[in-house]
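**Q** Please see the structure below; I have some questions.
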Amino acid sequence: MKPEEVRQVLLSGFEQDPRFLWKLEQDESQRICSQYPSREAMPAQAIQRVIELENKNIKYPQWGIAWGDWKEGKKLVDSARGGRFASYGFSDKPTDKGGNCYACHLIEKGVPGGTMGPQLTGYGKRYGITKENMNSPEGLEKLKTVYKIIYNAWHAYPCSSMPRFGYHGVLSPEDVINIATYLLHPESPVNK
Ligand code: HEC
C-alpha cells in the first residue's frame, strides 16, 4: 500500500475528532523511524536526532522527582487497558487506563508476561535500591532515569516498540512516577 492509501484507511477508522486526528500525522521522530527497517539499520545521525527530539518530549511531575505509591503503580502495570486515551475521556471511566506492561515484559515472579521487552523481575534490586539509599541523590537519580524511560521510551531507545506513554497522554506524570516506584521500591513485589 502507498502511504496515502494507508492514511485514508486510518482516517476512515477514526472519527473526525481533533483530539485524535493529530495522531495521524507522523511527528518528526516517527518519520525518521519509518525510514528504516530496524534501529540497527539506522545511521548514527538519525538515532541522535530522535534522542534529541524525544528528550524534549518529557514532562516531570509538578513537585519534581520523588517516590510515589507503588500500589497505585501496580494497578496501572497490571491493567491491560494500555493505550486508551483516558485523559481524553475516550475510555469507559477515567480510571480505565493502564500500561499493559505484561504484554511485553515479565515483571513479578511467577506472573505470565510477554518477552518482547527485557525481563523486569527484581528491577530495583538489580540497581541496589534499598530503604537506606533510596532518598540519596543516587537513589533519586535512578528513579528519574526509570521515570524517563516509562514517560518516553524513545529518548533512551529510539524507535522502540515500547510506547511513549507520557508523550501520548496515555499516562500522566503522576501515573509514571507511581509505576517507576513500583519497579524500584524495596517493598514492591517486583523486588521480593
Ligand atoms: C509493546 C511492547 C512494550 C510495552 C507495552 C511496554 N514495554 Fe517496556 N520495553 C519494551 C522493549 C522492546 C524494551 C527494550 C527497549 C528497546 O531496546 O527498544 C523495553 C524496555 C523497558 C525498560 C528498560 C529495561 C532495562 O533494560 O533497563 C523498562 C523499565 C520498561 N520497558 C518498562 C515498561 C513499563 C513499566 C511498561 C508499562 C507501563 C512497559 N515497559 C510497556 C517493550 C514494551
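**Q** Report the residue count in the range 30-74 for those that are in a loop (DSSP other than H, G, I, E, B), among the polar types (S, T, N, Q) and farther than 14 Å from residue 160 by Cβ.
**A** Kept after step one, since they are in a loop (DSSP other than H, G, I, E, B), are these residues of the range 30-74: 35-38, 42-43, 57-69.
Right, trim to among the polar types (S, T, N, Q) and you get 35, 38, 57, 62.
Those left that are additionally farther than 14 Å from residue 160 by Cβ: 35, 62.
Number of matching residues: 2.
**Q** Residue 124 fails exactly one of the following numbered conditions: (1) near the ligand (Cβ under 9 Å from one of its atoms); (2) under 16 Å from residue 182 (Cβ atoms); (3) touching a His at 6+ places or on another chain (Cβ under 8 Å). What is the number of that condition?
**A** Of everything listed in (1) near the ligand (Cβ under 9 Å from one of its atoms); (2) under 16 Å from residue 182 (Cβ atoms); (3) touching a His at 6+ places or on another chain (Cβ under 8 Å), residue 124 misses just condition (1).
**Q** Return yes or no: is residue 109 under 16 Å from the mean Cα position of the chain (by Cα), at pLDDT 85 or above, loosely packed, with under 12 Cβ neighbours inside 10 Å and not small (Gly, Ala, Ser)? Explain how you work it out, then say what you get.
**A** On the way: under 16 Å from the mean Cα position of the chain (by Cα): no; at pLDDT 85 or above: yes; loosely packed, with under 12 Cβ neighbours inside 10 Å: yes; not small (Gly, Ala, Ser): yes.
The answer is no for residue 109.
**Q** I would also like to ask the following. Is it the case that the range 84-94 has a residue that's modelled with pLDDT under 95, touching a His at 6+ places or on another chain (Cβ under 9 Å) and either surrounded by fewer than 16 Cβ atoms within 10 Å (Cβ to Cβ) or closer than 18 Å to residue 65 by Cα (or both)? It would help to see each step written out before you state the result.
**A** Of the residues in the range 84-94, the ones modelled with pLDDT under 95 are 84-94.
Cutting the leftovers down to touching a His at 6+ places or on another chain (Cβ under 9 Å) gives us 85.
Filter once more, keeping what is either surrounded by fewer than 16 Cβ atoms within 10 Å (Cβ to Cβ) or closer than 18 Å to residue 65 by Cα (or both): 85.
Yes, some residue in the range 84-94 is modelled with pLDDT under 95, touching a His at 6+ places or on another chain (Cβ under 9 Å) and either surrounded by fewer than 16 Cβ atoms within 10 Å (Cβ to Cβ) or closer than 18 Å to residue 65 by Cα (or both).
**Q** Now a separate question. With the structure loaded, tell me whether residue 140 is assigned to a loop (DSSP other than H, G, I, E, B), aliphatic (A, V, I, L, M) and in contact (Cβ under 8 Å) with a residue 12 or more places away in the chain or whether it fails that test.
**A** Working: assigned to a loop (DSSP other than H, G, I, E, B): no; aliphatic (A, V, I, L, M): yes; in contact (Cβ under 8 Å) with a residue 12 or more places away in the chain: yes.
In short, no.
**Q** Considering the range 172-186 alone, what residues qualify as being acidic (Asp, Glu) and touching a helix residue (DSSP H, G or I) at 6+ places or on another chain (Cβ under 7 Å)? Reasoning before the result, please.
**A** Applying the first criterion (acidic (Asp, Glu)) to the range 172-186 yields 174-175.
The answer is 175, and nothing else.
**Q** Here's a check for you: in the range 134-158, which residue that is aromatic (Phe, Trp, Tyr) and more than 19 Å from residue 174 (Cβ to Cβ) is nearest to the ligand (Cβ to nearest atom)?
**A** Of the range 134-158, the ones aromatic (Phe, Trp, Tyr) are 147, 151, 154, 157.
Now narrow it down to the ones that are more than 19 Å from residue 174 (Cβ to Cβ): 154, 157.
On the way: 154: 9, 157: 4 Å.
Looking at the filtered set, the residue picked out is 157.
**Q** Ok, one more. Mind checking which residues of the range 179-192 are closer than 15 Å to residue 101 by Cβ and either surrounded by fewer than 24 Cβ atoms within 10 Å (Cβ to Cβ) or among the aliphatic types (A, V, I, L, M) (or both)?
**A** Step one: of the range 179-192, the residues closer than 15 Å to residue 101 by Cβ are 179-184, 188-190.
Hits for the range 179-192 are 179, 180, 183, 184, 188, 189, 190.
**Q** Is it the case, given these coordinates, that residue 187 is in a helix (DSSP H, G or I) and away from the ligand (no atom under 12 Å from the Cβ)? Reasoning before the result, please.
**A** Numbers: in a helix (DSSP H, G or I): no; away from the ligand (no atom under 12 Å from the Cβ): yes.
So residue 187 fails the test.
**Q** Right, something else. Restricting the search to the range 112-131, which residues are within 26 Å of residue 159 (Cα to Cα), surrounded by 12 or more Cβ atoms within 10 Å (Cβ to Cβ) and of a type in the set (Val, Ile, Thr)?
**A** Scanning the range 112-131 gives a single hit, 121.
**Q** With respect to residue 146, determine if the residue is β-branched (Val, Ile, Thr) and part of a helix (DSSP H, G or I). Before the answer, list the steps.
**A** Working: β-branched (Val, Ile, Thr): yes; part of a helix (DSSP H, G or I): yes.
Against the criterion (β-branched (Val, Ile, Thr) and part of a helix (DSSP H, G or I)), residue 146 qualifies.
**Q** Which members of the range 122-153 meet the condition of being closer than 21 Å to residue 102 by Cβ and within 9 Å of the chain's Cα centre (by Cα)?
**A** 147, 149, 150, 151, 152, 153
The values are calculated or read from the model by the stated rules, or taken from the named source; none is laboratory data. Because the structure is a prediction, the values reported are computed rather than measured. Heads up, the Cβs are rebuilt from the backbone with ideal geometry, glycines too, and the neighbour counts pull from every protein chain shown.
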